[in-house]
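Notes follow the structure.
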């Protein structure tokens, strides 16, 4: 019964308690994040915005993503129970909103769009406005220096756009997307 012995070992119990405390503490200050934290410059990127809570206990009724400058061809993924609205400026959406739900505070969900990333590498910040039955969270703040969001109240979602070694026009960012012209 070595399996059971490990669970009764005091060192194992202390370590498990510390890990559980850290996991719960991280969730208490959760913000809207991207599932994939980095992608190659110039690639087609599937942005999955993870919403882990509502607004101070209130259910989420809308998620509005502001498309950063340089991002092109943003297309939202429809979501059952939610309506999608893309606000264009010069033919390209500058914000995409999902409205409906509600998404209860205690539940988790994801909102998805795809877009072509800029050719320039570097941090790309996505402002996300979370509107709830009571109140809202405006995830828009960016650190003064660098990309570390610790200590930043209501941080925007960060995507690290990576330099690409392949020549421009390479199909690297278009896996499963070949033959489609933009």
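The values are calculated or read from the model by the stated rules, or taken from the named source; none is laboratory data. Just so you know, these numbers come straight off a predicted model, no measurement behind them. In this analysis, Cβ positions are derived from the backbone assuming ideal geometry, glycine residues included, and neighbour counts consider all displayed protein chains.
Brief remarks on what is shown
- Tallying residues that are crowded, with 18+ Cβ neighbours inside 10 Å and part of a strand (DSSP E or B) within region 37-56 yields 7.
- Among (1) within 23 Å of residue 55 (Cα to Cα); (2) under 17 Å from the mean Cα position of the chain (by Cα); (3) exposed (fewer than 15 other Cβ atoms within 10 Å of the Cβ), the one test that residue 96 misses: (3)
- Every residue from region 17-36 that is at pLDDT 95 or above and either exposed (fewer than 10 other Cβ atoms within 10 Å of the Cβ) or more than 19 Å from residue 152 (Cα to Cα) (or both): 35, 36
- Test: residue 76 is surrounded by 14 or more Cβ atoms within 10 Å (Cβ to Cβ), under 24 Å from residue 164 (Cβ atoms) and under 14 Å from the mean Cα position of the chain (by Cα): no
- Taking the listed residues 104, 88, 68, the one that is at pLDDT 95 or above and surrounded by fewer than 16 Cβ atoms within 10 Å (Cβ to Cβ) is 104, with no other qualifying.
- Residue-level analysis places residue 71 outside the set of residues that are closer than 20 Å to residue 131 by Cβ and in contact (Cβ under 8 Å) with a residue 24 or more places away in the chain.
Table: residues versus (1) in contact with a strand residue (DSSP E or B) (Cβ under 7 Å, 6 or more places away or on another chain); (2) at pLDDT 95 or above; (3) over 29 Å from residue 58 (Cα atoms); (4) in a loop (DSSP other than H, G, I, E, B).
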residue: 99; (1), (2), (3), (4): yes, yes, no, no
residue: 127; (1), (2), (3), (4): yes, yes, no, no
residue: 130; (1), (2), (3), (4): yes, yes, no, no
residue: 165; (1), (2), (3), (4): no, no, yes, yes
residue: 176; (1), (2), (3), (4): no, no, yes, yes
residue: 182; (1), (2), (3), (4): yes, no, yes, yes
